[in-house]
C-alpha cells in the first residue's frame, strides 16, 4: 500500500500551492502530504503540541495536504483563489482564537459573517481560577438557574442574558472575578451559563456555538474541579462554521488563557484530552490510518473516500466531505461517552455509596450531598439538552432548505397511491406557505447551508443517541437521587422510632420488675406487722415458702399478660396467645370439615 501511495501523482496539488507566494516564500513548502508516512506522523505530533495554534487541511478523494501555524497573510492568499478541483473540502481549525483575532476576521469576512459575530468569536476567555479561589460558585449557579432551559437561537439571546446579568450586577453584583457591567463579555455568559448555545445562518454559512465538557479522570482535583454545583471536567466554548464552498471552520476556547510559559504535566494531559477528537478526525483523513484494534475501530472516523484501498463500505462521496466533517467535529463521541459512563464521572457509583451510607447510618448531612449531586446532574442534563436544541434547529432548517431546493410540485408529481386527502392537504399547506411568504418578500430565500443526506442521517441518529444514552441515564440518576432523599428521611424516622421502641421496652421491663416484686413487698410488710397472731406466728420456712409461691404466681400472671398483650419481656412478638389460639382452632375446624 505504501508503494501505491508514493506512486501517486501530486503534481496538480503541488502546483496549486506553489502559486501562492508571500514574504516568507512559497506556501508549497508549508503544505505536507498526510498520505506520506513521515509527514503524517510529523503533523500528528505537531497537533498535540501547545505551540500549534491552527492548521489548514485540504483533502479530496485523491490528495490531502496540511499546513500548521499559518498567518493571516497566508490565509488571505488561500482564500483569494478557488481551491483546486482535487480538493473537495478545506478544514481550518483554530485554537485560542483570542490570540489570532486578525486571522479570524480575515477568514470570517470572506464568508460574510457579521462584525458582531466576529467580535464574539474573538472574545477573551474567562481566567481559569482553581477550586481554592472560587468561594462564590453558589452565586454563580443561582444566576444560571434563571436560564434553566437550553438557550439557543441567534446571538441576540446572549445579549438578553447579558442585560439580565448586568441588572444583577447593579443590584447585588456578580462576585465572580469582581467585574463591572462595562467589562462584561460574551465569554462570561458562556462561563456562567453552561447550556448556552447559538445557531446562526447566513447566505454563505451555517454557524453553531456550544459548550463542551471534557472529562479528565485521574488528574488532581484542583485541575478539573468547578465547585460543588458543577460537574467535574474542563469546559470550553466551541465555534463550528460550515461554508458554501466546502470550507469547515472550527474554533476552540483556550483551556489555559493565563498560561504564557511551558505547560505543566497535568495541563499537557488536559490539552491532549481537549484535542483528542480533532486528532482522531485528522488521522481518519489519511490513508495511512487503519484500525488495528477493536478500540481503533470504535473511534475511527471516515470523511474521505479512498479509491485504491479496497471497497469502500461507507460509500462516501467527495461532496459529502464538508458535511461529514462538520458532523464529526460536533459529535465528540468520546467526550460524551466519558460524561455519562459510570467509570468516568461515577454518578452511579456516588449514588450507590450514598445509599450504603444511608443504610449504615442515616444522617441529615447525606441529604446535602445528594442536593449538590443533583445540581451537578441538572447542569449536565441542560448541557445535553442544548445539543438536542442545536440539532433540532439544524434539522428544521435542513427541511426548509430542501423544500426550497425542490422544484414546484404539480399534481402529477404525487405518487399514484397517494390519497386525495393527502394531495389536498399538501396543496393547502403549499398555498398557505406561499401566501405567508409573499407578504414579506417574494424573493426571500432561507439562509444557511444544505447538508448532505449522509450528514443529516447522522445528525438524526445523534439526536436519538443523546436521548437514549445521555438524557435517559441522567434522568435515571436524578430519579434515584430523589428516591434516596426520601429513603434517607424515612430511615431517620425509622431510626427515631426504633430508639423510642427501645426506650419503651426498657420502661415496660422496669414496670414489670416493679410489678413482680410488689406482691412480695406486700407479703413482707404483712409478716412484719405488729398484729396479734401475726407477729411470731410464722416460721422462717413458712415465710420463704409464701415468698416463692407469690413470686411464682406473679411471674405466671406477667407472662400470661405479656402473651395476651403481644409483649414478652418488653419485646414485640408477631402473634399473641389469643390470636394463636384462635388461628389454631380455625385451622383444626377447617381440617375436620375437609375430612368430612
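The values are calculated or read from the model by the stated rules, or taken from the named source; none is laboratory data. Just so we're clear, the structure is a prediction, and the values are computed from it rather than from any experiment. Glycine gets a Cβ as well: all are built from the backbone with ideal geometry, and neighbour counts include every protein chain shown.
Looking at the range 80-109 only, could you name the residues that are under 27 Å from residue 123 (Cβ atoms) and assigned to a helix (DSSP H, G or I)? Listed by number, the residues that qualify are 97, 98, 99, 101, 102, 103, 104, 105, 106, 107, 108, 109.
The set of residues in the range 313-332 that are under 22 Å from the mean Cα position of the chain (by Cα) and either at pLDDT below 85 or in a helix (DSSP H, G or I) (or both) comprises 326, 327, 328, 329, 330. Of the residues making up the range 443-497, those that are without any contact (Cβ under 8 Å) to a residue 12 or more places away in the chain, over 26 Å from residue 385 (Cβ atoms) and touching a helix residue (DSSP H, G or I) at 6+ places or on another chain (Cβ under 9 Å) number 2.
Being touching a strand residue (DSSP E or B) at 6+ places or on another chain (Cβ under 7 Å) and modelled with pLDDT of 95 or more narrows it down to one residue among 92, 34; which is it?
Checking each option against the conditions leaves just 92.
Taken over the range 93-113, residues that are in contact (Cβ under 8 Å) with a residue 60 or more places away in the chain and either surrounded by fewer than 18 Cβ atoms within 10 Å (Cβ to Cβ) or over 27 Å from the mean Cα position of the chain (by Cα) (or both) amount to 9. Looking at (1) more than 22 Å from residue 552 (Cα to Cα); (2) surrounded by fewer than 14 Cβ atoms within 10 Å (Cβ to Cβ), can you tell me which one residue 521 breaks? Every condition holds for residue 521 apart from (1). For residues that are assigned to a loop (DSSP other than H, G, I, E, B) and within 26 Å of the chain's Cα centre (by Cα), scanning just the range 241-264, find the one that is surrounded by the most Cβ atoms within 10 Å (Cβ to Cβ). Within the range 241-264, the match that is surrounded by the most Cβ atoms within 10 Å (Cβ to Cβ) is 253. Against the test of being modelled with pLDDT of 85 or more and part of a strand (DSSP E or B), the options 213, 120 yield a single qualifying residue, 213.
Would you confirm, using the coordinates I've provided, whether residue 61 is under 41 Å from the mean Cα position of the chain (by Cα), modelled with pLDDT under 90 and farther than 21 Å from residue 113 by Cα?
On the way: under 41 Å from the mean Cα position of the chain (by Cα): yes; modelled with pLDDT under 90: yes; farther than 21 Å from residue 113 by Cα: yes.
Yes, satisfied.
Being out of contact with any strand residue (DSSP E or B) (no Cβ under 8 Å at 6 or more places or on another chain), touching a residue at least 40 places away in the same chain (Cβ under 8 Å) and assigned to a loop (DSSP other than H, G, I, E, B) is a condition met by no residue of the range 265-277.
May I ask you to say which residue of 43, 57, 77 is buried (at least 20 other Cβ atoms within 10 Å of the Cβ), on the phi < 0 side of the Ramachandran plot and part of a helix (DSSP H, G or I)?
Values: 57 fails: part of a helix (DSSP H, G or I); 77 fails: buried (at least 20 other Cβ atoms within 10 Å of the Cβ).
Residue meeting the stated conditions: 43.
Confirm whether residue 197 is closer than 26 Å to residue 449 by Cα, buried (at least 18 other Cβ atoms within 10 Å of the Cβ) and under 19 Å from the mean Cα position of the chain (by Cα). When the stated conditions are applied, residue 197 passes them.
Please state which one of 297, 291, 286, 335 is at pLDDT below 80, over 21 Å from residue 242 (Cα atoms) and in contact with a strand residue (DSSP E or B) (Cβ under 8 Å, 6 or more places away or on another chain).
On the way: 297 fails: in contact with a strand residue (DSSP E or B) (Cβ under 8 Å, 6 or more places away or on another chain); 291 fails: in contact with a strand residue (DSSP E or B) (Cβ under 8 Å, 6 or more places away or on another chain); 286 fails: at pLDDT below 80.
On inspection, the qualifying residue turns out to be 335.
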